[in-house]
Amino acid sequence: MPFRTFVVVIALVAGFTVAGGAAAPAEAKSPCWKLLVDDWVQNARIDKAYPAACYREALKHLPDDLEGYTAIREDIQRGLQAAIRANNGRDPEVVQAPDDQRDSDPLPGVAASGGGGGDDDGGGGLLDDVLPRANGTSSVPLPLLVLAGLALLLLAAAAVSFATRQVQARRVRPTPPAGEPPLG
């Protein structure tokens, strides 16, 4: 394979890899249960109004990590039961978050910007300024992004190594004049 063709192929592969990792695939509108779960993930409470069916679907589709380590199931059930109680025992069409829940701070000591550490100065860590905050169940985990970057670096190193070998192989060694011993 000629050197120029190889460089073009490597550039195209790297470009498609980066573009594929950076751009989210075009998807249909998220189901309402997913929107409800994402709303809860933002700040450990449900701030918007959702149909009662969304609450029931969210209970069926809860991710294992959220269900095992948070109180999301209890919060969803509590919101649905309160709406049923307020609607005289009938299933409501839309469940609205209570006013007291929307105004309260569910995570005291944690800045709204996501910078942990318990300080209330609002300033996040070093990565908060560089990386967008991962909010929601469909965000890409940071370790996966780091591994993808490492893979791209390894591909680039392999391309440079291959290109160097190709250039060295094409160098023409001078032939010694007739009657002289060869160099080297």
Identity of the residue in the range 19-38, among the charged types (D, E, K, R) and modelled with pLDDT of 90 or more, that ends up surrounded by the fewest Cβ atoms within 10 Å (Cβ to Cβ): Asp38
Every residue from the range 45-70 that is in contact (Cβ under 8 Å) with a residue 24 or more places away in the chain and over 23 Å from Pro92 (Cα atoms): Pro63, Leu66, Thr70
Selection within the range 84-111 - within 32 Å of the chain's Cα centre (by Cα), farther than 12 Å from Asn43 by Cβ, surrounded by 10 or more Cβ atoms within 10 Å (Cβ to Cβ) and modelled with pLDDT of 50 or more: Val94, Val95, Gln96, Pro98
Those residues of the range 42-74 which are within 25 Å of the chain's Cα centre (by Cα), of a type in the set (Asp, Glu), assigned to a helix (DSSP H, G or I) and within 19 Å of Ala97 (Cα to Cα), in sequence order: Glu57
Hey, Arg78 touching a helix residue (DSSP H, G or I) at 6+ places or on another chain (Cβ under 9 Å), modelled with pLDDT of 85 or more, part of a helix (DSSP H, G or I) and farther than 15 Å from Cys32 by Cβ or not: no
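The values are calculated or read from the model by the stated rules, or taken from the named source; none is laboratory data. Here the structure is a predicted model, which means the values were calculated and not measured. Quick reminder, even Gly has a Cβ in these numbers, built from the backbone with ideal geometry, and neighbours come from all protein chains shown.
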